1. Being closer than 11 Å to Met84 by Cβ and either in contact (Cβ under 8 Å) with a residue 40 or more places away in the chain or loosely packed, with under 13 Cβ neighbours inside 10 Å (or both) is the filter here; which residues of the stretch 7-18 pass it?
2. Just the residues that are surrounded by 15 or more Cβ atoms within 10 Å (Cβ to Cβ) and assigned to a strand (DSSP E or B), please, taken from the stretch 39-62.
3. Within the stretch 63-72, how many residues are exposed (fewer than 14 other Cβ atoms within 10 Å of the Cβ) and closer than 17 Å to Tyr23 by Cβ?
4. Among the aromatic types (Phe, Trp, Tyr) and out of contact with any Phe, Trp or Tyr (no Cβ under 8 Å at 6 or more places or on another chain) - does that describe any residue in the stretch 30-48?
5. Find all pairs meeting these conditions: Cβ atoms under 7 angstrom apart; at least six residues apart or on different chains; first residue within the stretch 24-40 and touching a residue at least 40 places away in the same chain (Cβ under 8 Å); second residue among the aliphatic types (A, V, I, L, M).
Amino acid sequence: MQKWPAFKQQYKPIKNPSEPNLYMFDTIDEDVAFVKSFPAENIWTVIDGEGTTLILIRGFHVIDRIGYIITDVPWTKESCDYEM
């Protein structure tokens, strides 16, 4: 599984305008509305991995989500998951 630095370089995540030091968007109403305003291929869901690991998976998911990442570069069906 690829790591966060490779993800940042390849997909170019955008920073959260309300939290300029963070890339992750929350799972609450206003953040979800903002995330959903982007094309599905630019949205990644952050889920809990094993132990202290966070995993980025393609698309908008509601089960086991911790937050969302929006990227400038869209994912494709060949894109893999990434470890944060």
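What follows draws every value from the coordinates through simple rules; no lab data is involved. Note that the structure is predicted; figures quoted are calculated from it, not measured. Reconstructed Cβ throughout: ideal geometry from the backbone, glycine too, with neighbour counts over all protein chains shown.
1. Taking the stretch 7-18 first, the residues closer than 11 Å to Met84 by Cβ are 7-8, 13.
Matches in the stretch 7-18: Phe7, Pro13.
2. Scanning the stretch 39-62 gives Ile43, Trp44, Thr45, Val46, Ile47, Leu54, Ile55, Leu56, Ile57, Arg58.
3. First, the residues of the stretch 63-72 that are exposed (fewer than 14 other Cβ atoms within 10 Å of the Cβ): 63-64, 72.
From what is left, the residues that are closer than 17 Å to Tyr23 by Cβ are 72.
Within the stretch 63-72, residues that are exposed (fewer than 14 other Cβ atoms within 10 Å of the Cβ) and closer than 17 Å to Tyr23 by Cβ number 1.
4. Keep residues of the stretch 30-48 that are among the aromatic types (Phe, Trp, Tyr), which gives 34, 38, 44.
From what's left, out of contact with any Phe, Trp or Tyr (no Cβ under 8 Å at 6 or more places or on another chain): 38.
Looking through the stretch 30-48, at least one residue is among the aromatic types (Phe, Trp, Tyr) and out of contact with any Phe, Trp or Tyr (no Cβ under 8 Å at 6 or more places or on another chain).
5. That search, which allows pairs on different chains as well, returns Met24/Val46; Met24/Ile69; Phe25/Val35; Phe25/Ile70.
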